[in-house]
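Single-structure report; data block below.
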Amino acid sequence: TGILHVGHVLGDSVQDFFIRWKHMLGYNTLFVPGTDHAGIATQKVVENDLAARGIMRRELSRAEFLEHAWAWKEKHHEQIVKQLKNLGCSLDWTREAFTLDAARSHAVREVFVRLYEKSLIYRGNYMVNWCPACGTAISDEEVKYNERDSQLYWIRYPLRGGGSLVVATTRPETMLGDTAVAVSPDDADKKDLVGRTALLPLIGRELPVIADDAVDPEFGSGFVKITPAHDPNDFEMGERHNLPHVVVIDREGNMTEAAGSAFSGLDRFACRKKVLEALDEEGVLVKTEPYRHAVGEHDRCQTVIEPLLSREWFVKMQPLAEPAIQVVERGEIDFYPPRWRNVYLSWMHNIRDWCISRRLWWGHRIPVWYCADGHLTVAIDDPTECAACGSGDITQDEDVLDTWFSSWLWTFSPLGWPRKTRELEVFHPTDVLVTGSEIIFFWVARMIMASLEFMKEVPFRHVFLTGIVRDGQGRKMSKSLGNSPDPLDIIDKYGTDAFRFTLVMLSPPGRDVFFVEEKLEMGRNFVNKIWQASRMIASAYGRYGGELLGGKAPGAGSFAALWNERYKKPLAFEPELQWEDRWVLSALDGAARDVDENLRGWRLNDAASRVYEFFWSEFCDWYLELAKIRLYGEGDKRSVIAVLLFTLGESLKMLHPFVPYVTEELWAALPMTDDLLLENRYPVDIAGAADPGADERMELFRGLVTAARNIRALYRINPSTRIELRVKTPEGSRKALEEMAAGIKQLARADRFDYGPEVSKEKGTASSPVGGFEVIVPLSGVADIKAELERLRAEKRKVEHDLSTMEKKLSNKDFVRKAKEDVVNRARDRREALHTELSKIEESLNIIESQS
RNA sequence: GGGCGAAUAGCUCAGUUGGGAGAGCGCCUGCCUUACACGCAGGAGGUCACAGGUUCAAGCCCUGUUUCGCCCACCA
């Protein structure tokens, strides 16, 4: 599976989310999976395979390594093809493509040549970050600095002509390559030593004492040993002072002959020990103190980086960065969350040249050939002779290019560039780039630069940055920590959709997600809820819904289309919408609008929460429960089934980008569908469904039912026991309850239900005000007068408290004068309602107290 | 050293223009009610890090402090 895990799970989920969502909105999207990173992963896999057989890569030639890689691929071909197929990709690997020799190399070579001809690619001696384990130079971005406990060693260097000075270093083995000692020019105590000569212990080399601004007089001893060949700062100082380079560590991390016969051939860390022993013997090791500092490590293999002097290929970045800064400053590309814009800009303003050569076997080889006389031939197609002298004796540069050198062409090279293809015309530039903030520099910035340089346009308009998935303790997932679960295991356990839904819902924009497996239960439970609700609706349709579409065979046209124009025109019957039908359609409309608004504002987590809330807390908890009355009762069931199917269908559309597989499956099972859910438009509203009257009715209904349930729970009335229920209504509001009566009976589990302005409230009843209404439950036998008194008093205290807060607010003249009108009105309404509730509670208390 | 982010229920976190403190999990009570125990109903639980300020009104805006985290940077 290693070959497929090229992106991180969250990013890939979100990317796929956008693709589905945009597609449903009618956008064209092209998804080209797999990158050259798969090649890097493959190299790792092949290396591991070889290592298991006791073969080290370094022992092989490039050709031999590629032979092994091809053999490995042949062996695993079927498995890889199958896995890619599961991801919806096909694979046709030729040997050339697999080894990156020809086809894909073309665009990369073209780019290399063009930049070379513009003098934007050059070769130079520079201090590079060398990974001795991988045997290659790596870029600054691939070096991760980690705090490590270490030692600071103080070493005495004698001065010619008497006296001595003491340097402090964390890397004593590099002293063998020292060519100077430096002090700060501002260091009054030491600057008079400038111009004198120190003698390098163990070696005896003469070292000039120089002054340089880079030296901090406060740090260590104030004297710095200078090793231009093995330290980036020292290298720069060496350039400034024309110091010689003495290379004492080679590319395998072993000491060279220049390190002296006592040390040559030793591993760098073994040498450190030996140097210290030798210094101690000579009595020049003054002291050793514990010191914590950042050590650079290769982020792929965790090997400590060795800064080395090396001849490498570089890209000159500043000319490319200029236009890439401008497009972001002009807003042609925006970042979300916006703060990353500044991160991008400040990096681009301080951009440094990019070291692109790598000594790996796997990768696009550098298209440069050398002849015996040292002439360079830079060409797209393999040359047969030297461009300068015509010699046929030419050899290609052994190095390959940094993976990112092909990746930065990602928005256009897979579309056929440099040919002018239809794909390029249609799909470039694209809309959204989804990625993690950790590769803004690696990839995002470089894609922008490459696209502007070679396509003369931006590659994408929006950069959406997801957080990073971390483990429960906030640590980055990494192989060495072993804290990354295998997504396939998780998917087996919880399901793909549950995994995705949970990640999306728990990822606030641009913030990291702490991954704890238990969190996935939320998504699993929700997906199960969708499934179960659909099951109930499907079975209702199966039993009673046959006549719904007027005898048309299921699958004859989209139900949504039929249901439009206020939902009824083309149906085979005239649906009689009850108040709860109008409410759920109105709620669906509200949810669709909110979800749309959240998505357009890039708040995926809010969109997910909203659709979760609608489906579970509104549709399932209230509408489905109410629907059961008609579904399982007598009478015409067609209207309720029509509304159920419609609401479910629209919900599935809304859910689809979050829960793609299960919703697609359920959609196929709906009677009115014969297409893919993915092919439908994403609902942004349900035109004409908003119904404030129905919403208000539902609010009252919910209040009344909840009040009744509350009383039931308080008196421990078994759910299977039916109760008697009364609702006292304000004058003239009896009619409002007429429609709700059946629903209230059902959801409050009552067998007798009286309502109206005149219903009685006597001793032995529990009561609870709901705005201008009042729920009354006779409690024959169950009534506990003391408990009821206590409950009413508690309720009274709460209402009184709220009321006094509201009174205080409204008696504040400034509030009434300055606050927005609707805020004041709302406060007044609230005060009215609280007043009414309070008087009802007092009335109840009076009844109990007067009769006891 | 510079820049950025975070601090809200026991835990993990939402809270978009300032106006009734929210979710999931966990906990307590009662339920296997003909879609779902991966469930249903009800409930407890918060000085919104601290100190000031602006405002009729602050979790939200401003200033400062504390504690965590991330990124960048050539302190050997």
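The values are calculated or read from the model by the stated rules, or taken from the named source; none is laboratory data. The model shown is predicted, which means the values in this text are computed figures rather than measured ones. Using ideal geometry, Cβ is built from the backbone for each residue, glycine included, and neighbour counts are taken over all protein chains shown.
Scanning the range A:347-358 for residues that are within 11 Å of RNA strand B (Cβ to nearest atom) and at pLDDT below 85 yields A:Asn350, A:Arg352. Scanning the range A:137-144 for residues that are farther than 23 Å from A:Thr288 by Cα, away from RNA strand B (no atom under 13 Å from the Cβ) and surrounded by 14 or more Cβ atoms within 10 Å (Cβ to Cβ) turns up at least one hit.
From the list A:Thr384, A:Thr288, the one residue that fits, being away from RNA strand B (no atom under 13 Å from the Cβ) and either in a strand (DSSP E or B) or closer than 30 Å to A:Gln151 by Cα (or both), is A:Thr288.
A count restricted to the range A:510-527 and to residues that are in contact with a strand residue (DSSP E or B) (Cβ under 7 Å, 6 or more places away or on another chain) and surrounded by 17 or more Cβ atoms within 10 Å (Cβ to Cβ) stands at 4.
Listed by position, the strands (runs of 3 or more DSSP E) enclosed by the range A:173-260 that each have at least 3 residues that are closer than 23 Å to A:Asn129 by Cβ and within 12 Å of RNA strand B (Cβ to nearest atom) are A:224-226. Check the range A:838-847 and report whether any residue there is acidic (Asp, Glu), more than 51 Å from the chain's Cα centre (by Cα) and within 27 Å of A:Ser720 (Cβ to Cβ). For the range A:838-847, residues acidic (Asp, Glu), more than 51 Å from the chain's Cα centre (by Cα) and within 27 Å of A:Ser720 (Cβ to Cβ): absent.
Against the test of being more than 18 Å from A:Ala668 (Cα to Cα), among the hydrophobic types (A, V, I, L, M, F, W, C), at pLDDT below 85 and crowded, with 16+ Cβ neighbours inside 10 Å, the options A:Leu577, A:Leu562, A:Leu585, A:Leu571 yield a single qualifying residue, A:Leu571.
Residue by residue, here is whether (1) in contact (Cβ under 8 Å) with a residue 60 or more places away in the chain; (2) surrounded by fewer than 21 Cβ atoms within 10 Å (Cβ to Cβ) holds:
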position	(1), (2)
A:Thr647	yes, no
A:His656	yes, no
A:Val659	yes, no
A:Glu664	no, yes
A:Ala669	yes, yes
A:Asp675	yes, yes
A:Tyr682	yes, yes
A:Ala687	yes, yes
A:Glu699	no, yes
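Quick grid of which residues meet (1) in contact with a Phe, Trp or Tyr (Cβ under 6 Å, 6 or more places away or on another chain); (2) farther than 27 Å from A:Met255 by Cα:
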position: A:Trp130; (1), (2): no, no
position: A:Ser139; (1), (2): no, no
position: A:Lys144; (1), (2): no, no
position: A:Tyr157; (1), (2): no, no
position: A:Leu165; (1), (2): yes, no
position: A:Thr170; (1), (2): no, no
position: A:Ala182; (1), (2): no, no
position: A:Pro185; (1), (2): no, yes
position: A:Val194; (1), (2): no, yes
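Pairs meeting the criteria (first residue in the range A:244-255 and of a type in the set (Asp, Glu), second residue modelled with pLDDT of 85 or more and assigned to a loop (DSSP other than H, G, I, E, B), beta carbons under 6 Å, at least 6 apart or on different chains) are A:Asp250/A:Thr256.
When each of A:Arg582, A:Arg593 is tested for being touching a residue at least 12 places away in the same chain (Cβ under 8 Å), more than 10 Å from RNA strand B (Cβ to nearest atom) and over 30 Å from A:His462 (Cα atoms), the lone residue that passes is A:Arg582.
Residues checked against (1) at pLDDT below 90; (2) in contact with a Cys (Cβ under 8 Å, 6 or more places away or on another chain); (3) farther than 16 Å from A:Trp443 by Cα; (4) assigned to a helix (DSSP H, G or I):
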{"site": "A:Ala324", "(1), (2), (3), (4)": "no, no, no, yes"}
{"site": "A:Leu360", "(1), (2), (3), (4)": "yes, yes, yes, no"}
{"site": "A:Trp369", "(1), (2), (3), (4)": "no, yes, yes, no"}
{"site": "A:Asp373", "(1), (2), (3), (4)": "no, yes, yes, no"}
{"site": "A:Phe405", "(1), (2), (3), (4)": "yes, no, no, yes"}
{"site": "A:Leu409", "(1), (2), (3), (4)": "yes, no, no, no"}
{"site": "A:Pro414", "(1), (2), (3), (4)": "yes, no, no, yes"}
{"site": "A:Trp417", "(1), (2), (3), (4)": "yes, no, yes, no"}
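All of (1) in contact with a strand residue (DSSP E or B) (Cβ under 8 Å, 6 or more places away or on another chain); (2) modelled with pLDDT of 90 or more hold for A:Ala783 with one exception: (2).
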